[in-house]
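What follows is calculated from the coordinates using simple rules that are stated; it is not laboratory data. Given the structure is predicted, the values throughout are model-derived calculations rather than measurements. A quick note on method: Cβ atoms are made from the backbone with ideal geometry, for glycine too, and the neighbour counts reach across all protein chains shown.
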Amino acid sequence: MHKIAVLTSGGDSPGMNAAIRSVVRTCAYMNVECMAIYRGYQGMIEGDFVAMNARSVNNIINKGGTILKSARCEDFKTPEGRKKAHEQLVQAGISGFVVIGGDGSFTGATIFNKEYDFPVIGIPGTIDNDIFGTRYTLGFDTALNTVVDAIDKIRDTASSHNRLFFVEVMGRDVGHIALNAGVAAGAEEILIPEENLGLDRLLESLRRSKKTGKSSSIVVVAEGDKTGKNVFELKEYVEEHLPIYDVRVSVLGHMQRGGPPSAFDRVLASRMGVKAVEALIAGKTNLMVGIIDNEIVLTPIAEAIKGHTKIDRELVRVSDIMTI
Ligand code: F6P
């Protein structure tokens, strides 16, 4: 393995820069050339490559976003796009790449690997924590802390005005951010896609909260929840059926994807980057780096994509008990 490339793809997440830094520095340490691919797979197709050395990644470990930029690339979904990408890689003398991204990025990588037998290792970078084969994805911990911080602030004003807030958080079709942030921020109810408890239970729980002396309430809603109503419709529904509440909505949005990575994400990114490069150099391919029981492990990318992360049932129970 003479030359390894690194790219970030899909939605960005805090810790991606720390992972890029780790890949680049591990290559330098192992005397392997390293190329950055800008703008994800789009940059691969267009040959947007820049040679990196250990100093190219100074002062980025603490930065959110990705210095390499990211894209959700439609062209890479076509055989013509992937052919161009392969030609660019071969022309640049690149013999393997590390892709930092989520399941869409990994799906692209597996198809590419199948077509061209091109060595690839994935690093899971997404705030959603929805990748099988790892307990944590890069950015999840930071996003969680961002959400908890935001909800703490919302609680201040909710409490001053005796209000009920619906707070919508990201997570696409899984509820890891919602569940963990809800427990950490002491939410009265948490609505997640994995567990649709229905609107009656929500009303019942809010009614009980009021009765037992709670003056303000926070309901955390995962963006993919299955109540069939978005946060604004939930507000209307509660106003109609439970007029005892003054209700407001806060959609946290993309601020959840920004900000400096937490110490946890920086350490995880550094560990995953080393493992990814070592795996490529050892001739391994089509694997994703993950962390399970604090061990850095490798899982076939195909399994990582197909498998489902399970919601933490024990945490659901804890949440139920806490909302008494
Ligand atoms: O996958 C990360 C994520 O932030 C999801 O939580 C969210 O549903 C989605 O990306 C938003 O995507 P975009 O930035 O393209 O609007």
Next on the checklist: Using +1 at the C-beta of Lys and Arg and -1 at the C-beta of Asp and Glu, which of LEU89, MET170, VAL231 has the Cα lying farthest in the positive direction of the dipole of the chain?
Outcome noted: LEU89
Checklist entry - Hey, with R₀ at 25 Å, roughly what FRET efficiency would GLU314 and ASN196 work out to, going by the Cβ-Cβ distance, to 0.05? => result 0.80
Checklist outcome for this item: For the chain, the longest principal axis of the Cα atoms and the Cα long axis of helix 140-160 enclose an angle in degrees, to the nearest 10, of 20 degrees
Checklist entry - Rounded, prolate or oblate: which one fits the range 261-303, using the alpha carbon gyration tensor with axes a ≥ b ≥ c (rounded when a/c is under 1.5, else prolate when a/b beats b/c, else oblate)? => result prolate
Checklist entry - Per-residue HN-Hα couplings for the range 277-289, Karplus 6.51 cos²θ - 1.76 cosθ + 1.60 at θ = phi - 60°, whole Hz, x for Gly and Pro? => result 5, 4, 5, 4, 5, 7, x, 7, 8, 6, 10, 10, 7
Next on the checklist: Let me check I've understood the local charge: for ARG25, count other residues with C-beta under 14 angstrom from its C-beta, Lys and Arg +1, Asp and Glu -1. What total comes out?
Outcome noted: +3
Item to check | Interchain or long-range residues, amide H under 5 Å from MET52's placed H | outcome: CYS34, MET35, ALA36
Checklist entry - Cα-Cα pairs above 27 Å in the chain: how many percent? => result 46 percent
Checklist outcome for this item: Ranked on Cβ counts within 10 Å of their own Cβ, fewest leading, SER95, SER217, SER159 go SER159, SER95, SER217
Checklist entry - Karplus couplings for the range 50-67 from phi (6.51 cos²θ - 1.76 cosθ + 1.60, θ = phi - 60°), rounded to Hz, Gly and Pro as x? => result 9, 5, 10, 9, 4, 7, 5, 10, 5, 6, 10, 4, 9, 9, x, x, 9, 5
Item to check | 5 angstrom amide H check on GLY259, placed H, neighbours 5+ away | outcome: GLY64, GLY65
Next on the checklist: Just to be sure I understand: of the beta bridges DSSP finds with both ends in the range 142-257, what percent are antiparallel, rounded to 5?
Outcome noted: 5 percent
Next on the checklist: Just to be sure I understand: of the beta bridges DSSP finds with both ends in the chain, what percent are antiparallel, rounded to 5?
Outcome noted: 25 percent
Checklist entry - How far is the Cα center of the range 109-170 from the Cα center of the range 42-77, in Å? => result 20 Å
Checklist outcome for this item: If one compares the long axis through the Cα atoms of helix 103-116 with the longest principal axis of the Cα atoms of the chain, the angle in degrees, nearest 10, works out at 20 degrees
Item to check | Whole-Hz couplings from phi, Karplus 6.51/-1.76/1.60, listed for the range 4-12; x for Gly and Pro | outcome: 10, 10, 9, 9, 10, 9, x, x, 6
Checklist entry - What FRET efficiency comes out for the pair ILE111/GLU46, r = Cβ-Cβ distance, R0 = 22 Å, nearest 0.05? => result 0.70
Checklist outcome for this item: Filtered hits (lysines, Cα-Cα < 25 Å from LYS211, offset >= 8 within chain) -> LYS153, LYS235
Checklist outcome for this item: Counting only Cβ distances under 4.7 Å between cysteines, those in the chain with no partner are CYS73
Checklist entry - When only C-alpha pairs under 8 Å and at least 6 residues apart count, what is the relative contact order of the chain, in percent? => result 24 percent
Item to check | Taking N as its residue count, the alpha carbon Rg of the range 1-123 over 2.2 N^0.38 Å | outcome: 0.96
Checklist outcome for this item: Within the set GLY47, GLY224, GLY213, GNM on the chain using Cα springs under 10 Å gives the largest fluctuation to GLY213
Checklist entry - Along the principal axes of its C-alpha atoms, what lengths does the range 142-257 span, in descending order and rounded to whole Å? => result 35, 29, 21
Item to check | Computed E for ILE67/LYS210 - FRET, C-beta separation, R0 45 angstrom, nearest 0.05 | outcome: 0.35
Next on the checklist: Quick query: amide H of GLU168 versus all other amide H atoms, modeled in the peptide plane; which residues come in under 5 Å with a sequence gap of 5 or more or a different chain?
Outcome noted: VAL221, SER250, VAL251, LEU252
Checklist entry - Among the lysines, which have Cα under 23 Å from the Cα of LYS83 when same-chain residues fewer than 8 positions away are ignored? => result LYS3, LYS69, LYS114, LYS284
Checklist outcome for this item: Note to self, the chain gives a 222 nm [θ] from helices alone (DSSP H runs n ≥ 4, -39500 (n - 2.57) apiece, / all residues, nearest 500) of -13500 deg cm²/dmol
Next on the checklist: Net charge around GLY104, counting only other residues with Cβ within less than 12 Å of its Cβ (Lys, Arg = +1; Asp, Glu = -1)?
Outcome noted: -1
Checklist entry - To the nearest whole percent, what portion of all C-alpha pairs in the range 198-304 is separated by more than 25 angstrom? => result 52 percent
